[in-house]
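What follows is one structure encoded as structure tokens, with my remarks underneath.
We did not get these values from a lab; they are worked out from the coordinates using the rules stated. Small disclaimer: the values here were computed from a predicted structure and weren't measured. Positions of Cβ are backbone-derived with ideal geometry, glycine not excepted, and every protein chain shown enters the neighbour counts.
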Amino acid sequence: MKKIFTLCVVAMAVSGCATNPSSSCQGGVSKTVVGTGVGAVGGTAAGAGIGAILGDAGKGAWIGAAAGTVLGAATGYYFEQQEEELRAALAGAGIDIERQGCDLAVIMPGSVAFASGSANISSSFNGSLNSIATVLQKIPDATMTVSGHTDSVGKLASNEQLSKSRAESVANYLAKQGVNAQRIGTAGYADKSPIASNTTEEGRARNRRVEIVIHAPQ
């Protein structure tokens, strides 16, 4: 039991005390590092259970931790590789990519993806969505949330419907390109989650957007 406890402490130290993967990524900690720590802790628990069956829980824990560390590091590194590929594919497309904890947000301005007041995706934006879909298919364990956002101009009910419809349009397009629809959630927030001031045209333009938040595999 002491060996198992010690191993957990060591594993968390290696990962920057990553008992919570999301909080550990807040300061820009590499997903590879977080994956290593989480894999080690998870492997410890699994290995201990197997070891108990074999009559040596301590040895099983060490074996499980080693395997978990390797797998966790591989998962984190692979996700980072897909992030780099995504950034390269969307360079110059007017799309922002931001880290949000352990997750990755693809922020698409409404003016780039849609005509004013419309939920129909502009044909000129299809290439960017195709690139996004290609990368998403390479992260089969990741889930994602597509959310639509508007500025504060106009009626709230209309903005809510528009933001929801735009999110669904993007989600449906990704699904048609081969992304598993069961991995995609949608939401329409209207003007409830601004990223800039609605008192200026520049701010309102930034707020009119669709975001794809890719949740890192845990």
I'd like the residue in the range 194-218 that is of a type in the set (Val, Ile, Thr) and in contact with a strand residue (DSSP E or B) (Cβ under 9 Å, 6 or more places away or on another chain) and, out of all such residues, is surrounded by the fewest Cβ atoms within 10 Å (Cβ to Cβ). 195
For the range 171-193, does any single residue satisfy the condition of being of a type in the set (Val, Ile, Thr), out of contact with any Leu (no Cβ under 6 Å at 6 or more places or on another chain) and either surrounded by 21 or more Cβ atoms within 10 Å (Cβ to Cβ) or free of Cβ contacts under 8 Å to residues at least 24 places away in the same chain (or both)? no
Those residues of the range 120-132 which are surrounded by fewer than 18 Cβ atoms within 10 Å (Cβ to Cβ) and not hydroxyl-bearing (Ser, Thr, Tyr), in sequence order: 120, 126, 127, 130
